[in-house]
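A short write-up of the structure that comes next.
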Amino acid sequence: MSATSQSPHFREIQKFVTDYAPACLTQYESTRTATDYTEYTLDSAGWEGFAQILPVYLEHIIVPTLTDSACYTEVHHVDGSGHDAGVVYSEMQAEQNEKDMLLFVNNKRMLYPEEVGFRYETFGMMDTLRDLTADRIREYHREMYQPKNLCLVIVGAVHHSNLLHVLENFEETILEDIPKPDAPFKRPWVDSPQAPPLKHSLVGTVEFPEEDETSGEVMVSFFGPNRLDSQLCRAIVCLLRYLAGSSASVLENTLVEKEQLASAVMYDYESRPTTVVSFNLTGVSTEKLEHVEARFLEILTGVAAKPIDLDYMKDCIKAERRQVKFLAEESSSKFFSDPIIKDFLFGNRDGSTLQGRMKNLRDYDTLEAWNDSEWRHRLKSWFVEAPHVTMFGRPSAKIAKTFKRKEKARVSLRKKDLGEAGLKELDKKLTAAKAENEVEIPKEVLERFEVPGTRSIHFITTITARSGAARAMGSLENPIQKIIDQDSDLPLFIHFEHTQSNFANLTVVLGTELVPIALRPLLSIYMDNFFSSPMQRDGTIIDFEKVIMGLERETVGYEIDAGQRIGNSEVITIKLQVEVEKYQAAILWFRDLMFSSIFDIERIKATTTRMLADIPEEKRNGSNMSSVIELIVGTEPSSLGRACNTLTSAVYLKRVKQTLENDPETILEQLKQINAALCQPSNLRILVIANIEKLHHPVSSWQALIEGLDTTMPLKPLDTRLSRLSNSGSNPGNMAYIVPMPSIDSSFLLIISKGPSSFNDPAIPALMVATAYLNAVEGPLWTATRGTGLAYGTNIYQHVDSGQLSLSIYRTPDATKAFIASKDVVQDLVSGKTAMDKFALEGAISSIVLNFANAEDTMLSAAQSSFIRQVIRDLPKNWPEIVLERVREVTAEEIRKMMKEVVLPLFDAMKANLFVTCAPVMEKKIVMGFGELGFKSEVKPLAFFQDDYGLKAGEGADGEEAGNDADMDDEEEEDDDSEDPEGENDEDEDEDSEISE
């Protein structure tokens, strides 16, 4: 059950999250602010709790208090040191000067004139946030957050009469607090100035801070059809798939695969009154930005000058139709809510626009009948002959220092103007605002809410069946197992999950233990090239473009990746999604992809070049780099996560590229060796998720995969992250790395310590409650760090697969203060100085229940979770019921024990590993701060953590790279000494808990 309200997000809705929602097995899921709307999403595990909380949820949105103190801490304030802070301000401080944001903002300023709202950045730029007042926020809220400008979307099992009763009663309570219902109201995006057509093409350049100046980005934007014309909107989406949907499409194939001018051609379709299409050409050599843009436009002109490949276009249309049907099953909430939201924003009020878009798929029938001239006419009118806006994103090593110099001068001037007395007054004002924000809601108010019984929660159920080697896990008695037993058995490990679906989702899990360690970094190339290699079929060589077209024609989706999504990042998963009638065809595709693909030198070269072009962009992400560094340090070279991460690839792929020029056969033979190691029947575990009753020969059809192969070997055990930890990862402590990064203006902290390594560990239930209590929105860690402006997010995660616990502090202007504040929270709870709050504890338990429900909110996700539990984690199918029963029995004393024995070691330098990526100007202050806490930090550049896995460079191969790294270190040191000797310029998840699946 989910509800989405469309109406900035402030403390009101956040307080709702902690104080009310958990009591009703309900969770405030997220706030998403787009240019044209803000979406507040509420998830509930059942109607009983949802009906109780709905009016409170709406009241917090429509008639909040919006106090001065809340706006002061949440939006913007100046702290006692004279620096800018506030949650919204800190977020923009971390994003405003990043490449993607700079491209986005400047592109919109060229597309739209000043009177059109789409021109502006939703969160507000830092200079405007500094001038924003609480009165202006309240004025905006009263005008825009009223029922006439609000759309409530409820998706799930709805009790209709009860819903109407709840809403009617609620409406009566707000009439005196909102504008009169009969007062005139203009729809923001309909009754306001519309985007005029571009008169001519415009070109702009934006520089972004980056030490590596080798590659940039090209962004080209066009206006598309009017959103009210559903047929033309679907037409342009199909045309985009035709142009840039895969490596077989003309733009991607030419610019990326053949000419290797970009690492990718991506497109974005924005649904607005006049739609917008933007193409992003990434990983473009800086000196070729203008050339690549010209080549891009030249290719579009060439496509329009020749006949359209109508067969391929029809394949694209059919693929879009299949995707819509699949999303209706797999993502029903977003499938319905997204078009309803867009219709509310831009559609006709009589419902005709929404009905035309949602009633049927006949538009696709019409599009399949379009001829060559119709498609070429649209291609010309939308792209070739239409004016456009081009933005060049150009990296600059100098601009980072310019930004910092200007900011330092601005803050220094403010400090001088305020003086010591003024700064003290600001500190008092902030302290008072925090105290006012933390006033608790009376307990008797919360006690009015009756906590629903968990029996009201309806989990999606699947039926498990097994064949071949999977039978060793135990015999099953159910109708689906009988269907499986009636088919001929095979020695393969096949796990079936029966669901009511029109699609079959097939996954092959491959262990990596047999791949030689020295070759494991090559797995990144192997996986990237898996679906885009030539193939030999019936004695005929099929070009890789034809292979991709065939996959698009017969599948809904296909992917290969490491196994994070199935709870084991040390294995590889290959997935195909097909309509049930294509079940046998999918198995043949597995056979051909695994055993008939051809490792082609030119394809490998193209893949390697493209992957190298993406590395500078990947290395600009401070949060990701802290995780990558931890993997390099905390795992053995045998780990797939270490072998295939960005910092390994940064040097290894350069060596591969050189080897491909000098001795290509060596790389081809190594890839063949990898394939032979992976694709052994004894190394495969197969998952089939489908309506098994609709499958013909569900087991024996897999004979096509293993025909002629040796099936006598016993099933190999699954690889595990735990077994591939380094000594530092297995025994954390006495290790701390600070890594300055010129591309970021904030800092990101990651700390690793020991945790439970088995889901059967009796500590698991209490630790689940302890971390849920600490991580709660508006909970202890949130209040101590985000609520005080010390971080955008702070969370503790459990990693049972590696036997570790981690603390992540995301986007912090002062990593040391955020760390100390987090430590104090845990210590005070352990010592009893801070009492466990009864309602917060109930909320923590409710959030765990809800997380289990949300992890299995579709048929596909429920089936995948069942496979993960039984096959990957060796747990019973009903493990959620078992562990939730134990969770409900956890006492406050058990929680304190877990915090003391498992959580507190995160803050002990002798028991935890510390990794911080930060802006260079923050380096010295962070080193000094953590040094006082016992962490003996080493300052290292990213290049320090690179690993070539023994693949040595030829003479002079990496000299330029090494030189650049040395230069970077010198420049950073000079920058710190000359610009911020006292560290005064304090400028301001990526993974979910494994336990919640």
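The values are calculated or read from the model by the stated rules, or taken from the named source; none is laboratory data. Worth saying up front: this structure is predicted, and the values here are computed from it rather than measured. We place every Cβ from the backbone using ideal geometry, glycine too, and count neighbours over all the protein chains shown. We work out accessible area using only protein heavy atoms, side chains counted, and drop any ligands, DNA or RNA first. Shrake-Rupley method; radii C 1.70, N 1.55, O 1.52, S 1.80 Å.
Give a quick list of trypsin sites (Lys or Arg not before Pro) in segment 353-413 that DSSP marks as loop, anything other than H, G, I, E or B, with at most 13 other Cβ atoms within 10 Å.
Hits after loop and neighbour filter: Lys359.
Gain in length, Asp131 to Lys199, computed as 0.36 nm per residue apart minus the alpha-carbon separation, to one decimal in nm?
Residue separation times 0.36 nm, minus the Cα-Cα distance, leaves 21.0 nm.
Provide the net charge surrounding Ser682, with neighbours chosen by a C-beta distance below 9 Å and charges set as Lys +1, Arg +1, Asp -1, Glu -1.
Net local charge, Ser682 excluded: 0.
From the gyration tensor of the Cα coordinates in segment 713-863, what semi-axes in whole Å does the equivalent ellipsoid have, largest first, with each one equal to sqrt(5λ)?
28, 23, 17
For segment 786-922, report the accessible area per residue in Å² (1.4 Å probe, heavy atoms, rounded to an integer).
On a per-residue basis, segment 786-922 sits at 33 Å².
Given 5 Å bins starting at zero, what is the percent of C-alpha pairs of segment 509-548 in each, up to the one with the largest pair distance?
6, 20, 20, 18, 14, 16, 6
Okay, helix-only estimate at 222 nm for the chain: each DSSP H run of n ≥ 4 adds -39500 (n - 2.57), divide by all residues, round to 500 deg cm²/dmol; what do you get?
Mean residue ellipticity at 222 nm (helix-derived): -13500 deg cm²/dmol.
For segment 170-242, take the alpha-carbon Rg, divide it by the Kirkwood Rh, and send me Rg/Rh.
Rg/Rh for segment 170-242 comes to 1.20.
Check each of the GluC sites (Glu not before Pro) in segment 798-902 and keep only those in coil by DSSP with at most 13 other C-beta atoms within 10 angstrom; list them in order.
Glu889
List, in order, the whole-Hz ³J(HN,Hα) value for each residue of segment 581-589 obtained from phi through the Karplus relation with A = 6.51, B = -1.76, C = 1.60 and θ = phi - 60°; use x for Gly and Pro.
Result, rounded to whole Hz: 6, 9, 4, 5, 5, 5, 5, 5, 5.
Hey, rough spin-label estimate for Lys325 and Arg187, points 7 angstrom out along Cα→Cβ, what's it come to in nanometres?
3.3 nm
To the nearest Å, what is the center-to-center distance of segment 361-387 and segment 109-132, using C-alpha atoms only?
Between the Cα centre of segment 361-387 and that of segment 109-132, the gap is 34 Å.
P(r) tail for the chain, what percent of Cα pairs lie past 60 Å?
When all Cα pairs of the chain are counted, 6 percent exceed 60 Å.
Could you name the lysines in cross-link range of Lys99, using Cα to Cα under 18 Å and dropping any fewer than eight places away on the same chain?
Lys108, Lys288, Lys398, Lys401, Lys404, Lys619
Extension gain Ala294-Thr666, at 0.36 nm per residue separation less the Cα-Cα distance, in nm?
130.2 nm
Where the centroid of each part is defined by its Cα atoms, how far is segment 74-91 from segment 661-689 in Å?
With segment 74-91 and segment 661-689 each reduced to a Cα centre, they are spaced 53 Å.
Can you work out ³J(HN,Hα) from phi for every residue in segment 343-351, in order, using Karplus 6.51 cos²θ - 1.76 cosθ + 1.60 and θ = phi - 60°, giving whole Hz and x for Gly and Pro?
5, 4, 6, 10, x, 5, 5, 7, x
With a 1.4 Å probe and every protein chain kept in, tell me what percent of the accessible surface of the chain is carbon plus sulfur.
50 percent
From the phi of every residue in segment 895-909, what ³J(HN,Hα) in whole Hz does the Karplus formula 6.51 cos²θ - 1.76 cosθ + 1.60 yield, where θ is phi - 60° and glycine or proline is x?
Those phi angles translate into 5, 4, 4, 5, 4, 6, 7, 10, 7, 4, x, 4, 9, 9, 4 Hz.
At 7 Å along Cα-to-Cβ for each site, give me the label-to-label distance between Arg414 and Thr65 in nm.
2.7 nm
Averaging over all projection directions, find the projected area of the Cα convex hull of segment 737-807 and quote it in nm² with one decimal place.
For segment 737-807, averaging the hull's shadow over all directions gives 5.8 nm².
Which of the lysines could be linked to Lys359 by a straight reach, that is with a Cα gap under 24 Å, when you skip same-chain ones fewer than 8 residues away?
Qualifying lysines at Cα under 24 Å: Lys314, Lys318, Lys325, Lys334, Lys342.
Between Gln673 and Asp538, what is the label-point separation in nm under the 7 Å Cα-to-beta-carbon projection?
That separation, rounded to one decimal, is 3.6 nm.
How much length, in nm to one decimal, is gained on full extension between Ala397 and Glu881, taken as 0.36 nm per residue of separation minus their Cα-Cα distance?
That pair, Ala397 and Glu881, stretches by 168.8 nm at full extension.
Give the peptides 481-488, 744-751 in descending order of average Cβ contacts within 10 Å, highest first.
For the peptides 481-488, 744-751, the packing ranking is 744-751, 481-488.
Taking only protein heavy atoms and a 1.4 Å probe, what accessible area per residue, in Å², does segment 616-754 have with all protein chains in place?
Accessible surface, normalised per residue, equals 35 Å².
Excluding residues fewer than 8 places away in the same chain, name every one of the lysines whose C-alpha is closer than 26 Å to that of Lys716.
The reachable lysines, counting only those whose Cα sits under 26 Å from Lys716, are Lys575, Lys672, Lys877.
Which whole-number value in Å² is the accessible area per residue of segment 280-319, probe 1.4 Å?
Normalised by residue count, the accessible surface of segment 280-319 is 43 Å².
Out of residues 5 or more away from Leu202 or on other chains, whose amide H comes under 5 Å of its own, with H placed 1.01 Å from N in the peptide plane?
Residues meeting the amide H criterion: His388, Val389, Thr390.
Here are some pairs, Lys434/Lys897; Lys429/Lys838; Lys754/Lys924; Lys754/Lys823; Lys911/Lys936; which of them have Cα atoms lying more than 19 Å apart in this structure?
Pairs exceeding 19 Å: Lys434/Lys897; Lys429/Lys838; Lys754/Lys924.
Which cross-chain or sequence-distant (5 or more) residues have an amide H under 5 Å from the amide H of Ala736, H modelled 1.01 Å from N in plane?
Hits under the 5 Å cutoff: Leu914, Glu938.
Name the long-range amide H neighbours of Ser215: under 5 Å, sequence gap of 5 or more, or other chain; modelled H, no Pro or chain starts.
Placed amide hydrogens put Thr286 under 5 Å from Ser215.
Please list, by residue number, every one of the GluC sites (Glu not before Pro) in segment 22-128 that is coil in DSSP and has at most 11 other beta-carbon atoms within 10 Å.
Glu114, Glu115
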